[in-house]
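Worksheet for the structure shown next.
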Amino acid sequence: MVLDDRSEAHRDRCRHSAYSDVSLDRRRLLGALSLAGVGLALPFGRIARAAGGTDALLLNCIDYRLTGKTTRYMMNHGMAGKYDQIVLAGAALGAKNDKFPAWGTTFWDHVQVALDLHHIHKVVIIDHRDCGAYKVILGEDLAGDPKKEFEIHAKQMRSLKGDIAKKYPQLGVEMYLMALNGSVETVA
């Protein structure tokens, strides 16, 4: 069967038009989900390059209750599209504990890859209150004593910060403790 140029051109226009409609709908959906605080797995490299590069590696916990709040926190602090992310149960405790040592290896491998590929300048650690991983790994429910909970998280994050400084002295480290309502305390 032989097609004339008009048929192929018409098909190309239809195909392009249909693709444009799908792309536009997809962009609207992604925009709406982003505004709602829903995190998505997107081609990060393209986004980071468009936004001016990757600045940080975010380490946070797997807890579903804080996924959207963590994304919003990063966005509200000028980090949208400017960070890589590694998610470990317990965040700082996940990166450094005796119960699951392979998680620490995974963390360090990700730091190196983020440095090699995206030339990060800092690691942002966001632990959170009422963390089940702290219960599992440390065997203690800290939620009943907010002051003690803060101190144990802070001690863990400071220890990881010290390890990062030894291995990668050029990297800055920011440390935060997030409450379940999304409010954040800075850990010094």
In this structure, is Lys122 within 20 Å of Met175 (Cα to Cα) and exposed (fewer than 15 other Cβ atoms within 10 Å of the Cβ)?
no
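Here is a yes/no grid of residues against (1) surrounded by fewer than 16 Cβ atoms within 10 Å (Cβ to Cβ); (2) among the hydrophobic types (A, V, I, L, M, F, W, C); (3) at pLDDT 95 or above:
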| position | (1), (2), (3) |
| --- | --- |
| Cys61 | no, yes, yes |
| Asn76 | yes, no, yes |
| Met79 | no, yes, yes |
| Ala89 | no, yes, yes |
| Phe107 | no, yes, yes |
| Asp127 | no, no, yes |
Need pairs with beta-carbon distance below 8 Å; first residue within 10 Å of His128 (Cβ to Cβ) and within region 47-67, second part of a helix (DSSP H, G or I) and at pLDDT 50 or above; sequence gap 6+ or separate chains.
Asn60/Leu66; Asn60/Thr70; Cys61/Gly94; Cys61/Ala133; Asp63/Gly132
Does region 161-182 contain any residue that is under 22 Å from Arg72 (Cα atoms), loosely packed, with under 15 Cβ neighbours inside 10 Å, among the polar types (S, T, N, Q) and assigned by TED's automatic domain parsing to the domain that holds Cys61?
yes
Working only within region 77-120, note down all residues that are farther than 18 Å from Arg158 by Cα, in contact (Cβ under 8 Å) with a residue 24 or more places away in the chain and not aliphatic (A, V, I, L, M).
Gly81, Lys82, Tyr83, Asp84, Gln85, Lys99, Phe100, His110, His118, His119
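Looking only at helices (runs of 4 or more DSSP H) that lie completely in region 68-177, which have at least 1 residues being of a type in the set (S, T, N, Q)? I'd like the intermediate steps shown before the answer.
Numbers: elements: 92-95, 101-118, 132-138, 146-167.
In region 68-177, 101-118, 146-167 are the helices (runs of 4 or more DSSP H) which contain 1 or more residues that are of a type in the set (S, T, N, Q).
The values are calculated or read from the model by the stated rules, or taken from the named source; none is laboratory data. Bear in mind that the values here come from a model prediction, so they are computed numbers and not experimental data. With ideal geometry, Cβ positions are generated from the backbone for all residues, glycine too; neighbour counts draw on all protein chains shown.
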